[in-house]
Amino acid sequence: MKIALGADHGAFELKDSIKKHLDEKNIEYVDYGCFSKESVDYPKFAYLAASAVAKNECDFGIICCTTGLGVSMAANKVKGIRAAVCTNEMLAEMTRRHNNANVICMGQNVVTPELANKMVDIFLSTEFEGGRHQRRIDLITDIENGKELK
Ligand code: RB5
């Protein structure tokens, strides 16, 4: 499994602590930045990490900013990406089981590093349930492809 990591300056530290956690678990990752606390624009880093997932260069993305909100909006503009802002363990589980999310977004000012690590573990180990949920994912893909839903 390979993870795409991205963050802006507002979550540089959270990304670093998630990297340490992934290192401990021997999970491979690519860090798409940013690489300091200097102010940057979050859409670029969300785009770089999400694109790696969309191109199947990475299996999942973990993308963070101060709130998790901006990076999720940017990541969800990348075709094939289903990014979910998660603030608790239940959301991290359900967005895999029902939404087949391929990117988890978190906010450094919203979650503790400990909770972030727990959500990462749950997100990366929970399987998509398929079935009726696949039909709903297909409808999301239809919207993405400009199809009008009736
Ligand atoms: C940066 O100041 C902040 O706007 C960003 O980290 C993020 O929270 C945006 O949604």
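The values are calculated or read from the model by the stated rules, or taken from the named source; none is laboratory data. Everything numeric here is computed off the predicted structure, so don't read it as measured data. All Cβ positions, even for glycine, are placed from backbone atoms using ideal geometry, and neighbour counts span all protein chains on display. SASA here: full protein model, heavy atoms, side chains in, ligands and nucleic acids out. Shrake-Rupley method; radii C 1.70, N 1.55, O 1.52, S 1.80 Å.
Here is how the numbers come out for the structure above:
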item	result
Gyration tensor (alpha-carbon) shape descriptor, region 107-150, a/c threshold 1.5	oblate
Percent carbon-and-sulfur accessible area, region 24-72, ignoring ligands, DNA and RNA, probe 1.4 Å	49
Solvent exposure of the chain as accessible area per residue, Å², 1.4 Å probe	53
Proximal charge balance of His98 [Cβ under 12 Å; K/R count +1, D/E count -1]	+3
Where Ile27, Ile18 fall by accessible area, highest first, once all protein chains stay in place (1.4 Å)	Ile27, Ile18
Kyte-Doolittle mean at least -1.0 and Cα axial length at least 15 Å: DSSP H helices in the chain	42-54, 113-125
Distance (nanometres) between label positions extended 7 Å along Cα→Cβ at Thr112 and Lys25	1.8
Size of electric dipole in the chain: Cβ of Lys, Arg +1 and of Asp, Glu -1, about Cα centre, debye, nearest 20	500
Built amide H within the under 5 Å cut-off of Tyr29, gap 5+	Ile3
Cα centroid separation - region 70-106 against region 114-150, whole Å	8
Estimated Rh, the chain: Kirkwood, alpha-carbon pairs, angstrom	15.1
Protection-proxy order for peptides 44-53, 81-90, 110-119, 67-76, each taking the mean of Cβ atoms within 10 Å per residue, highest first	44-53, 67-76, 81-90, 110-119
